[in-house]
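Here is the structure we will look at.
The values are calculated or read from the model by the stated rules, or taken from the named source; none is laboratory data. Note that the structure is predicted; figures quoted are calculated from it, not measured. A quick note on method: Cβ atoms are made from the backbone with ideal geometry, for glycine too, and the neighbour counts reach across all protein chains shown.
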Amino acid sequence: VERLALETNGWFFIAGQHPNASSNNSFLHYASPAMVEDAWAQTSTLINGFGGAVQGLLAFNKQQVQEQTVLMNEQYMEAKQQKEAAVVEARHTQEALEKQKEHSARLLSMIEQLRDGTLSIENMPPTVNTPLE
């Protein structure tokens, strides 16, 4: 670009910024000698304007990242709470299932005892009539 500017005596302006650059006014720019000589004040305004625009974009991007981080943290905490609630519910269900299995095993044992005559209806334990929790 510099060679083209010198050969044509034209006005050329190029500016660039890396989005991860952290310092203020860390952008690169080139203004051709003819542009600087013929319109220094306007060139300076253009350079400062580009710097301000870049800083605005970087600040906006930073704000978006912060907002997304907050949102993702909220979603993570909600998912974590849902998981914990599901684990507690699964544990309660498992405990109820174990109680049901124990109760069923006692009933099956009593049925076998009734069949083989080692248990009569008159001497059945009271746990048979205990409702399940």
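Return yes or no: is I111 among the hydrophobic types (A, V, I, L, M, F, W, C), free of Cβ contacts under 8 Å to residues at least 12 places away in the same chain and exposed (fewer than 10 other Cβ atoms within 10 Å of the Cβ)? Let's see the steps before the verdict.
Numbers: among the hydrophobic types (A, V, I, L, M, F, W, C): yes; free of Cβ contacts under 8 Å to residues at least 12 places away in the same chain: yes; exposed (fewer than 10 other Cβ atoms within 10 Å of the Cβ): no.
Considered against the rule, which asks whether it is among the hydrophobic types (A, V, I, L, M, F, W, C), free of Cβ contacts under 8 Å to residues at least 12 places away in the same chain and exposed (fewer than 10 other Cβ atoms within 10 Å of the Cβ), I111 comes out as no.
Condition (residue is among the hydrophobic types (A, V, I, L, M, F, W, C), modelled with pLDDT under 90 and at negative phi) applied to the stretch 85-97: is it met by at least one residue? Scanning the stretch 85-97, I find no residue that is among the hydrophobic types (A, V, I, L, M, F, W, C), modelled with pLDDT under 90 and at negative phi, so the answer is no.
Quick one: is M110 part of a helix (DSSP H, G or I), closer than 30 Å to I14 by Cα and in contact with a helix residue (DSSP H, G or I) (Cβ under 8 Å, 6 or more places away or on another chain)? Answer is no for this residue. Only a single item in (1) farther than 30 Å from G16 by Cα; (2) surrounded by 10 or more Cβ atoms within 10 Å (Cβ to Cβ); (3) among the hydroxyl-bearing types (S, T, Y) is not met by S120, and it is number (2).
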